[in-house]
1. Read through the list (1) in a loop (DSSP other than H, G, I, E, B); (2) at negative phi, then give the number of the only condition that Gly20 fails.
2. Run Asp3 past the list (1) closer than 12 Å to Leu66 by Cα; (2) surrounded by 14 or more Cβ atoms within 10 Å (Cβ to Cβ); (3) modelled with pLDDT of 95 or more; (4) of a type in the set (Asp, Glu) and report the number of the one that doesn't hold.
3. Among residues belonging to the range 9-26 that are closer than 17 Å to Gly46 by Cα and touching a Gly at 6+ places or on another chain (Cβ under 8 Å), point out the one that is surrounded by the most Cβ atoms within 10 Å (Cβ to Cβ).
4. For residues in the range 34-47 being part of a strand (DSSP E or B) and under 16 Å from Ser65 (Cα atoms), which is nearest to the chain's Cα centre (by Cα)?
5. Between Glu16, Glu56, Glu25, which is in contact with a Lys or Arg (Cβ under 8 Å, 6 or more places away or on another chain) and either over 10 Å from Val67 (Cα atoms) or among the small types (Gly, Ala, Ser) (or both)?
6. Hey, Lys50 hits all of (1) charged (D, E, K, R); (2) loosely packed, with under 12 Cβ neighbours inside 10 Å; (3) in a strand (DSSP E or B) but one; which does it fall short on?
7. Among all residue pairs at least 6 apart or on different chains, which show Cβ distances below 9 Å where the first residue, located in the range 31-46, is hydroxyl-bearing (Ser, Thr, Tyr) and modelled with pLDDT of 95 or more and the second is surrounded by 15 or more Cβ atoms within 10 Å (Cβ to Cβ) and not in a strand (DSSP E or B)?
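The values are calculated or read from the model by the stated rules, or taken from the named source; none is laboratory data. Remember, it's a predicted structure, so these values are computed and weren't measured experimentally. When we count neighbours, we look across all protein chains shown, and the Cβ atoms used for this are built from the backbone with ideal geometry, even at glycine.
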Amino acid sequence: MPDVEAHITGTVWKIEVSVGDTVDEGDTVVILESMKMEMPVEAEDGGTVKEILCEEGQAVNEGDSLVVLD
């Protein structure tokens, strides 16, 4: 199952899921802040959150893995 990746470079503003949560395709898992705009990062596939690879306030680059789904 693919990781959920950042689609832009920005800062992790809010993590919307916890390890063990079930998410569906299209669910927001992380909200990034970039250029004073909030950008939701959505799961491309459904699954269970196995691992969270970021923390709030962390700077991330486009393509960085944020959440691992199982």
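1. The failed condition is (2).
2. Among (1) closer than 12 Å to Leu66 by Cα; (2) surrounded by 14 or more Cβ atoms within 10 Å (Cβ to Cβ); (3) modelled with pLDDT of 95 or more; (4) of a type in the set (Asp, Glu), Asp3 violates only (3).
3. Taking the candidates together, the pick is Val23.
4. Our first condition is that a residue be part of a strand (DSSP E or B); within the range 34-47, this holds for 34, 37-42, 47.
Now drop any that are not under 16 Å from Ser65 (Cα atoms), which leaves 39-42, 47.
Values: Met39: 10, Pro40: 8, Val41: 5, Glu42: 7, Gly47: 13 Å.
Restricting to residues being part of a strand (DSSP E or B) and under 16 Å from Ser65 (Cα atoms), the top hit is Val41.
5. Working: Glu16 fails: in contact with a Lys or Arg (Cβ under 8 Å, 6 or more places away or on another chain); Glu25 fails: in contact with a Lys or Arg (Cβ under 8 Å, 6 or more places away or on another chain).
Only one candidate passes the filter, namely Glu56.
6. (2)
7. Qualifying pairs under 9 Å: Ser34/Ile8.
Here's the yes/no breakdown for (1) among the β-branched types (Val, Ile, Thr); (2) loosely packed, with under 13 Cβ neighbours inside 10 Å; (3) in contact with a Gly (Cβ under 8 Å, 6 or more places away or on another chain); (4) on the phi < 0 side of the Ramachandran plot:
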{"site": "Ser34", "(1), (2), (3), (4)": "no, no, yes, yes"}
{"site": "Met37", "(1), (2), (3), (4)": "no, yes, no, yes"}
{"site": "Val60", "(1), (2), (3), (4)": "yes, no, yes, yes"}
{"site": "Gly63", "(1), (2), (3), (4)": "no, yes, no, no"}
{"site": "Asp70", "(1), (2), (3), (4)": "no, yes, yes, yes"}
